Amino acid sequence: MALIVALVMLAAMTIVGAATLRTATIEQKAANATQDRSLAFAAAETALRFGETVASAQAMASPVNIGFPAQGLSTVTGGNGCTPTPCAAGLCEPPDPDCPPRWLDSAFTGWVNATPLGGVIGTPQYFVEFIGLNFPCSDGGPSDPRNCKRYRITARSIPSADRSVVILQSVYASE
């Protein structure tokens with residue numbers, strides 16, 4: 001009789017141990033995924049700050065936006081009436097509203113590497129789009145003569161295989 005009770009107790013302990021092991025494994029996977037996402041976010045944020053520095057330099061350059069490609073739309077026509085605008089060294093002209101966003105276009109090759117971070121993170125990338133010169137800098141109303149230059153910076157992490165990817169954007173305004 002004692003043997004049967006001992007075997008039942010052993011079986012119960014085995015089931016509890018297996019369930020605990022399974023829970024610990026799931027928690028470890030969740031922790032790893034969270035860490036991957038945090039590293040990818042930090043990498044994309046680094047590229048975003050790098051792109052904002054580039055946008056600031058272009059806004060302060062004389063003449064303004066000297067590093068951007070020639071003004072105007074490209075002669076290349078994409079699908080759906082889309083005419084992609086040119087990019088050079090990560091600096092892009094205002095996007096055609098008929099085109100898909102550059103960051104969603106798998107054929108877009110205008111990404112530029114930011115500072116390499118090494119390790120499993122990879123080198124994050126960015127590009128800067130010039131949005132325009134005629135945006136109000138303050139809430140002074142339509143009669144306020146001050147206008148800002150605006151740039152949209154898009155950054156992404158480039159992880160190794162099977163890791164999280166993060167895409168971030170910011171809008172930089174400069175008088």
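Each principal axis of the Cα cloud of the chain was evaluated for its coordinate range; sorted largest first, these ranges are 94, 39, 32 Å.
Restricting to Cα pairs below 8 Å that are 6+ residues apart, what does the relative contact order work out to for region 2-174? Please round to a whole percent. Mind dumping the intermediate values first?
Numbers: 292 pairs, mean separation 40.4, N = 173.
Relative CO of region 2-174 lands at 23 percent.
Other residues lying with their Cβ under 15 Å from the Cβ of Gly132 contribute a combined charge of 0, Lys and Arg counting +1, Asp and Glu -1.
Using just the helices of the chain, give the 222 nm mean residue ellipticity in deg cm²/dmol: DSSP H runs with n ≥ 4 each add -39,500 (n - 2.57), and the total is spread over all residues, rounded to 500. Show your work: numbers first, answer last.
Details: 1 runs with 59 residues, N = 175.
One gets -12500 deg cm²/dmol as the mean residue ellipticity at 222 nm.
Placing +1 on each Lys and Arg Cβ and -1 on each Asp and Glu Cβ, with no other charges, gives the chain a dipole about its Cα centre of roughly 420 debye. Positive end of the charge dipole of the chain (Lys, Arg +1 and Asp, Glu -1 on Cβ, about the Cα centre): tell me which of Asn113, Phe135, Leu3 has its Cα farthest that way. Most positive-ward Cα: Leu3. Counting 0.36 nm for each residue step from Ala11 to Asp96 and taking away their Cα separation leaves a gain of 23.9 nm. Projecting the Cα atoms of Ala47, Ala61, Val171 onto the charge dipole of the chain, computed from C-beta unit charges around the Cα centre, puts Ala47 farthest toward the positive end. Residues Asp98, Asp162, Asp36, ranked from the fewest to the most other C-beta atoms within 10 Å, line up as Asp162, Asp98, Asp36.
Laboratory data are not the source of any read-out in this text; all were calculated from the coordinates shown. As the structure is a computational prediction, the values presented were derived from the model and not from experiment. FYI the Cβ positions are ideal-geometry reconstructions off the backbone, even for glycines, and counts take in every protein chain you see.
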